[in-house]
1. Being outside any helix (DSSP H, G or I) and either over 22 Å from the mean Cα position of the chain (by Cα) or in contact (Cβ under 8 Å) with a residue 60 or more places away in the chain (or both) is the filter here; which residues of the range 44-58 pass it?
2. Residues 155, 82: which one is modelled with pLDDT of 95 or more, in contact with a helix residue (DSSP H, G or I) (Cβ under 8 Å, 6 or more places away or on another chain) and either part of a helix (DSSP H, G or I) or surrounded by 20 or more Cβ atoms within 10 Å (Cβ to Cβ) (or both)?
3. If a residue has to be in a helix (DSSP H, G or I) and farther than 17 Å from residue 101 by Cα to count, how many in the range 63-73 make the cut?
4. Considering only the range 194-225, state which residues are without any contact (Cβ under 8 Å) to a residue 24 or more places away in the chain and over 30 Å from residue 72 (Cα atoms).
5. Tell me, yes or no, whether the range 99-122 has at least one residue that is at positive phi and either assigned to a strand (DSSP E or B) or in contact with a strand residue (DSSP E or B) (Cβ under 8 Å, 6 or more places away or on another chain) (or both).
6. If we scan the range 226-240, do we find a residue that is touching a strand residue (DSSP E or B) at 6+ places or on another chain (Cβ under 9 Å) and either part of a loop (DSSP other than H, G, I, E, B) or free of Cβ contacts under 8 Å to residues at least 60 places away in the same chain (or both)?
7. Filter the range 214-238 down to the residues that are more than 30 Å from residue 21 (Cα to Cα) and under 47 Å from the mean Cα position of the chain (by Cα), then identify the one that is surrounded by the most Cβ atoms within 10 Å (Cβ to Cβ).
8. Output the residues belonging to the range 11-43 that are assigned to a strand (DSSP E or B) and over 20 Å from residue 104 (Cβ atoms).
């Protein structure tokens, strides 16, 4: 069972986010990045499938700040092959990124592609769907369970309200992974350093990514602060009367 896992770096939300002078993007000068949480789950599910069914796991990412480290960390966790896509430029849209991914994996033998179901810096969360489109493959997203038998995968998809549906999907296929069957494994820094010394980081060109359908940011701004909460004190009758007057406006 050969699985490809696209991964990306996203802003670490524990950091204070600032808007740049254009008012259309984050100021990235001091911004710290981390692997997208859902991509981490996608990689973990791929590694679990490899351990259960054999095969290989290939981690692939678009060139960017610290992406080499993220790919080496994937190798340290158990990925057999790591690939960096170059020549795409800064801040590609999901459409461009998906097309670049589709171009880059041409010629690679795979049965499934596991992407994270979404990312904190996306405005459309459509990577799995777009990759499936460009590769002409079936797709299921918000996946919480994958079981493979022969050329078919039985997957569970979560809907709003916790409703779970089960699908049978002919392989190859693209899955948008919401949660791996187990918590993503931790990899120590020493193992990542060993991977840096012993892993071949392949580079491939993004190729032609002339696609439409992307969106454009006109303005970014921080939410405006309200007046804050008002604590109501007094007797039960006084509090009830105050609430009624507030509701009436």
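1. 54, 55 - these are the residues of the range 44-58 that are outside any helix (DSSP H, G or I) and either over 22 Å from the mean Cα position of the chain (by Cα) or in contact (Cβ under 8 Å) with a residue 60 or more places away in the chain (or both).
2. Working: 155 fails: in contact with a helix residue (DSSP H, G or I) (Cβ under 8 Å, 6 or more places away or on another chain).
Just one listed residue meets the conditions, 82.
3. To start, the set of residues in the range 63-73 that are in a helix (DSSP H, G or I) comprises 67-73.
Right, trim to farther than 17 Å from residue 101 by Cα and you get 69, 72-73.
Number satisfying all stated conditions: 3.
4. Listed by number, the residues that qualify are 216, 223, 224, 225.
5. Kept after step one, since they are at positive phi, are these residues of the range 99-122: 107.
Still in the list and also either assigned to a strand (DSSP E or B) or in contact with a strand residue (DSSP E or B) (Cβ under 8 Å, 6 or more places away or on another chain) (or both): none.
No, the range 99-122 has no match at all.
6. Pass one, the range 226-240, residues touching a strand residue (DSSP E or B) at 6+ places or on another chain (Cβ under 9 Å): none.
No, because not a single residue in the range 226-240 is touching a strand residue (DSSP E or B) at 6+ places or on another chain (Cβ under 9 Å) and either part of a loop (DSSP other than H, G, I, E, B) or free of Cβ contacts under 8 Å to residues at least 60 places away in the same chain (or both).
7. Filtering the range 214-238 for residues more than 30 Å from residue 21 (Cα to Cα) gives 229-238.
Remaining after also requiring under 47 Å from the mean Cα position of the chain (by Cα): 229-233.
Working: 229: 6, 230: 7, 231: 5, 232: 12, 233: 7.
Result: 232.
8. 11, 19, 26, 33, 34
The values are calculated or read from the model by the stated rules, or taken from the named source; none is laboratory data. All values reported here derive from a predicted model rather than from experimental measurement. FYI the Cβ positions are ideal-geometry reconstructions off the backbone, even for glycines, and counts take in every protein chain you see.
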